[in-house]
């Protein structure tokens, strides 16, 4: 009941009291930057359009970079503040898995980014990924648990799998149409599915974690 109330409150606030748009920053890698896609087909642009269509006054900011690792994200998170983000969708870690970065280092880097943002009162939605199927099952389980543990320890909302809707549970792709020719990055059609899946969670994030920011923007 409390969550339903907060969701309704957040939606009401988003539609009525904001004097200026809410700045939502996507802080990620090639999956969110729109690798080899037209700008309007990228995740961050499609997300902004979907939120706007539902009546939200938002500006989705892109601070993602192809090939970005958690170490790179930690180094540049301070620079991200020049874009004045009100909240952050944090999507990093898969390139660490590709590069076989020790999980303890990936965890430490993500925690550093979270700490930096939380100390400045910037809410974070943590977005997880699934490790590549060629990694051991033990590693894949630990990689998945890393995001869950970080979300629990930092009291963050977690979206467990960024590419939900594009992959089957056995690690096979649902459709070649959802991916570019490299069979790694999502196509425009794939991004649309990703946005449709994550949209309710972003709305929950706005209602539960970003409501105070919305109120301040209405003053």
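The values are calculated or read from the model by the stated rules, or taken from the named source; none is laboratory data. What you see is a predicted model, and the numbers here were worked out from it, not measured in a lab. Positions of Cβ are generated from backbone atoms using ideal geometry, with glycine treated the same way; all protein chains shown enter the neighbour counts.
Computed values, structure above
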quantity	calculated
In the stretch 114-134, the residues that are more than 24 Å from residue 25 (Cβ to Cβ) and surrounded by fewer than 16 Cβ atoms within 10 Å (Cβ to Cβ)	132, 133, 134
Test for residue 50: is it more than 30 Å from residue 105 (Cβ to Cβ), at pLDDT below 95 and either crowded, with 22+ Cβ neighbours inside 10 Å or within 16 Å of the chain's Cα centre (by Cα) (or both)	no
Given (1) assigned to a loop (DSSP other than H, G, I, E, B); (2) buried (at least 22 other Cβ atoms within 10 Å of the Cβ), number of the condition residue 100 does not satisfy	(2)
Qualifying residue in the stretch 137-157 (condition: under 30 Å from residue 20 (Cα atoms), outside any helix (DSSP H, G or I), touching a residue at least 12 places away in the same chain (Cβ under 8 Å) and in contact with a strand residue (DSSP E or B) (Cβ under 6 Å, 6 or more places away or on another chain))	yes
Some residue of the stretch 183-201 being over 19 Å from residue 31 (Cβ atoms) and at pLDDT 95 or above	yes
Scope the stretch 57-91; condition touching a strand residue (DSSP E or B) at 6+ places or on another chain (Cβ under 7 Å) and not in a strand (DSSP E or B); matching residues	57, 63, 64, 73, 80, 83, 84, 85, 86, 91
Subset of the stretch 59-76 [more than 15 Å from residue 30 (Cβ to Cβ) and either modelled with pLDDT under 95 or surrounded by fewer than 22 Cβ atoms within 10 Å (Cβ to Cβ) (or both)]	59, 61, 71, 74, 75, 76
